[in-house]
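Here is the structure we will look at.
The values are calculated or read from the model by the stated rules, or taken from the named source; none is laboratory data. As the structure is a prediction and not an experimental result, all values here were calculated from the model. Cβ placement follows ideal geometry from the backbone for every residue including glycine, while neighbour counts extend to all protein chains displayed. SASA here: full protein model, heavy atoms, side chains in, ligands and nucleic acids out. Shrake-Rupley method; radii C 1.70, N 1.55, O 1.52, S 1.80 Å.
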Amino acid sequence: MRVELTVNGERLEADVWAGESLLYVLRERLGLPGSKNACEQGECGSCSVLLDGRLVCACLVLAAQADGHELVTVEGLAEDGELHPVQAAFAETGAVQCGFCTPGFVVATADLLARSPNPSEDEIREALSGNLCRCTGYAKIFDAVRLAAGS
Amino acid sequence: MSATARTLELGRVGESVKRIDAIPKVTGEFAYSSDLFAAGMLWGHTLRSSHAHALVSEVDISEAVGMPGVHAVLTHSDVPGAKTYGLEFPDQPVLAIDRVRYFGEPVAIVAAEHPEQARRAAERIRVAYEPLEPVVDPEQATEREPIHEGRPTAGHGFRDDERPNVVRTIVIRHGDPDAEADVTVSGVYELGIQDQAFLGPESGLAIPDAEGGVDVYVATQWLHIDRDQVAPCLGLEPKQVRIHLAGVGGAFGGREDLSMQIHAAMLALHTDRPVKMVYNREESFVGHIHRHPAKIWMEHRANRDGKLVNVRARILLDGGAYASSSAAVTANASAFACGPYAVENALVECTCVYTNNPPCGAMRGFGAVQSCFAHEAQMDKLAAELGIDPVELRLRNALAPGDTLPTGQRITGSFPAAEVIRRAAALPVPEPEELPRDALRLPGGSGNTTRGEGVRRGVGFAVGFKNVCYSEGFDDSTAARVRLTASDEELAAEVHCAAAEVGQGVVNVILQTARTELDLDDVVLGAATTSSVGSAGSASASRMTWMAAGAVRLAARAANEELARRGGNLAPGETIDVERIYHHRPTTPLDPETGQVTGDGAHVAYICAAMRVVAEVDVELGLTRVVWIGTAQDVGKAVNPQAVYGQIEGGIAQGLGLALMEEIQTRDGLITNASFTDYLVPTTLDMPPVDAELVEEPEPDAPYGVKGVGEPPTVVSTAAVVSALRDATGRELTRVPVSPDEIVGL
Ligand code: FES
Ligand code: FES
């Protein structure tokens, strides 16, 4: 079947199998592999995207369900060649090691700061508790969130 | 991408610099091994054993080959060359031959147009299994029928141990192993199976060349040893197999062994099409080796003044179905069993056995994690028995340069164990938090349904150590190549080193070293591949910073000398291209009878860390919360301090996970929790703030005095977290992960 999506402001079409997830279609059919697949079960947050402005795990959404909707992925955060402040903060603070979790964290953090520009420590921890990072122990990710919130 | 975002960080050794791959990683552009694409690419899939132990009488692929989209279905008979491979011993079939020895062992592989077609075709392969009784209790393994014919690991200078299913036995006798002392404490400790749980699943792309060879793009820890295992199985010359590093989503030891490399290459060569393979999370859990579960019996004898007199330890490691790096893990568990303490007498016996449980091998800390959990529990017990402060007891016994280890090796390099203990102990512990408080700050977080009536607080302490670089005579050298060119009167350099960037930041180490030595800003790093430079050895054993810095420094200095010979400059178009191989100082095997060093000593150098932990438990609900962790770590010299702190924080998280939640569960050898729903790793709600201090005492043998930093935090944090839980509960807590049952009902 065919689906039509607006991804990062661009209208895109893809022919998909009924069972394909939004994540699979982004990565394998639309040439947008920035969203990562680390569990396909909604447990790790690596595939976080904004669907009509709401943070979702793209692995839990069928591509067909997203037909006609608007998406923002990690590839769509930088504007006019300028990194999104959250992206800049992650690079600056050492919040990136292997980086596999980074796209998900960046999208989830951008979403958090859009809703709550100056989150408390507990709020940061809770908001990002659905995103796993195996490398950093999170300390520098919290630094990045605070830096981005201050900028 | 803005020009400013791409500004190079031109740091030299010792400066905190941003990772060179940070920008592509935050924008989503960085290509991980699972992101690769090639025109005409097929998808590979692996059919895995549903039994832990069974004979395989037939693999019938007839139905699968006719399925839509399917291009190849291959079994062991299609393996073109050697049928088995292995990191140290070739005991592992590329595809099961007549027997499967663990749950999830690869049996057949499929290539199809769509990954779902490949999966469905694999389901139609009929495998005739004759189930065998699995060997699942490591304590019984040496009494059971051998799982492997012959003795795959016998010889190699190892101690003779004729019992069935022994991977390796080590006995270390030091001084008088019967020496008595004023007091004795003993305990039995157990650790469950931990998984590396790197986020980026096993994946890669194999592309056939037109001449019968193949290029494999893969996430790995050591490109050249992959090549040296892949090529013989394909029946190819090493140069016909080029392994290229694709983006690596974490490793932690779990990518030392091969996963999909041979399979994807076989399918690509068979179909003459590029083949991509990506494991899903469940397959990743069964598709790589884990940290060895262990059972450890320990007895410490000490005098009233706290001086250790004799340590006696027996360690049993479950290696699972294949050898992987078990022999070296056995050596580490033994060599570090007594902890970073001077003790004149010791008897350490360590055996690793084959079973039909999930195969185990390398994971961050490599044998030292298991031993540290036991020896630190013992030190706390001894402190209580003697009425000496636990930190003071450790200080009184701390190993120092010039001291001799139980293996007979004298510490000749830097070893600031007493200093890390003092510094960690001096870190201010946060004040207890008042109750009531937000549930998020209670043990169990929002899962806590009380007002905190059952909350108790404890403070724990632990110290641990291990070696840097490979040991026991293994020459894990590292090659680097420096190419100098000139354009517009300006010199520029390109550096090649096959060191695997697995997230630890070795790419920056390489560039910082090259810029320091060449005194140039314009230095770029070539892609890591087997086709442009010699082996870098493995990104493991906390060795890559030391070895990459050593190799790049050698090559850069050779380039500088050549440049000086040519008058200090190059004409446009002129190049200098030098490759150099760096070796650490030689080591020699342990004596198989006594476990004592022969010749140069078994290890290159030692690294240590001390840690203080504050934890709370809710004794009504069985919940825990680690409140704060303070640590001081021996790092030699921090090349990129920001990255060093990152390694410490991340390493601590993994040890905390083993202490509190991480365990691969099995029933009759079958893994029952192969998902992030059931195998829990620490989240943002589990990790406390970490105060880390770097202790920089340069290692005399090493470039710039560096050591390694990746492993000590993981070695120590499991022990330190449980020490805090013991303080809070007064219970022995002899097994990790600590289960809620052991905390409730005080
Ligand atoms: S891949 Fe979607 S949550 Fe893990
Ligand atoms: S940086 Fe590797 S998983 Fe987060």
Practice prompt. Go through the range A:60-94 and give me each residue that's in contact (Cβ under 8 Å) with a residue 12 or more places away in the chain, outside any loop (DSSP other than H, G, I, E, B) and at the interface with chain B (Cβ under 10 Å from one of its Cβ atoms).
Written response: A:V74, A:E75, A:G76, A:V86, A:Q87, A:A88, A:A89, A:F90, A:E92, A:T93
Practice prompt. Take the range B:205-246 and flag every residue that is within 19 Å of the chain's Cα centre (by Cα), not in a strand (DSSP E or B) and not small (G, A, S).
Written response: B:T220, B:Q221, B:L223, B:H224, B:I225, B:D226
Fill in: Top-ranked residue in the range B:597-619 [being part of a strand (DSSP E or B) and within 22 Å of B:V171 (Cβ to Cβ); ranked as least open to solvent (accessible area, probe 1.4 Å)]
B:Y606
Discussion item. Given the criterion open to solvent by 10 Å² or more (accessible area, probe 1.4 Å), in contact with an Asp or Glu (Cβ under 7 Å, 6 or more places away or on another chain) and assigned to a loop (DSSP other than H, G, I, E, B), identify the matching residue among B:S531, B:S540, B:S535.
Written reply: B:S540
Practice prompt. Could you identify the single residue in B:T449, B:T485 that is in a loop (DSSP other than H, G, I, E, B) and either within 14 Å of chain A (Cβ to nearest Cβ) or surrounded by fewer than 20 Cβ atoms within 10 Å (Cβ to Cβ) (or both)?
Written response: B:T449
Worksheet item: Inside the range A:95-110, can you point out the residues that are in a loop (DSSP other than H, G, I, E, B) and within 16 Å of ligand 1 (Cβ to nearest atom)?
Response: A:C98, A:G99, A:F100, A:C101
Fill in: Members of the range B:404-413 found to be assigned to a loop (DSSP other than H, G, I, E, B) and in contact with a strand residue (DSSP E or B) (Cβ under 7 Å, 6 or more places away or on another chain), listed by number
B:P406, B:T407, B:G408, B:Q409, B:I411, B:G413
Item to complete: Among the candidates B:P138, B:P146, B:P134, B:P152, single out the residue that is touching a strand residue (DSSP E or B) at 6+ places or on another chain (Cβ under 7 Å) and within 30 Å of B:I315 (Cβ to Cβ).
Response: B:P138
Fill in: Candidates A:L12, A:L23, A:L77 - the one that is open to solvent by less than 30 Å² (accessible area, probe 1.4 Å) and more than 13 Å from ligand 1 (Cβ to nearest atom)
A:L77
Worksheet item: So which of B:I664, B:I629 is within 14 Å of chain A (Cβ to nearest Cβ) and touching a residue at least 12 places away in the same chain (Cβ under 8 Å)?
Response: B:I629
Practice prompt. Could you list all residues from the range A:108-151 that are under 23 Å from B:V644 (Cα atoms), among the hydrophobic types (A, V, I, L, M, F, W, C) and within 16 Å of ligand 2 (Cβ to nearest atom)?
Written response: A:L132, A:C133, A:C135, A:A139, A:I141, A:F142, A:A144, A:V145
Worksheet item: Taking the range A:35-71 as the region of interest, how many residues are within 13 Å of ligand 1 (Cβ to nearest atom), closer than 24 Å to B:E29 by Cβ and open to solvent by 60 Å² or more (accessible area, probe 1.4 Å)?
Response: 2
Worksheet item: So which of B:E501, B:E472, B:E517, B:E489 is farther than 26 Å from A:G99 by Cβ and under 19 Å from the mean Cα position of the chain (by Cα)?
Response: B:E472
Worksheet entry | strands (runs of 3 or more DSSP E) within the range B:67-186 that include 1 or more residues touching a residue at least 40 places away in the same chain (Cβ under 8 Å) and crowded, with 23+ Cβ neighbours inside 10 Å | B:70-74, B:106-112, B:166-174
Practice prompt. Would you check if B:T516 is of a type outside the set (A, V, I, L, M), in the same structural domain as B:E15 (by TED's automatic domain parsing) and open to solvent by less than 30 Å² (accessible area, probe 1.4 Å)?
Written response: no
Worksheet item: When residues of the range A:93-130 are filtered for being out of contact with any strand residue (DSSP E or B) (no Cβ under 7 Å at 6 or more places or on another chain) and buried (at least 20 other Cβ atoms within 10 Å of the Cβ), how many remain?
Response: 20
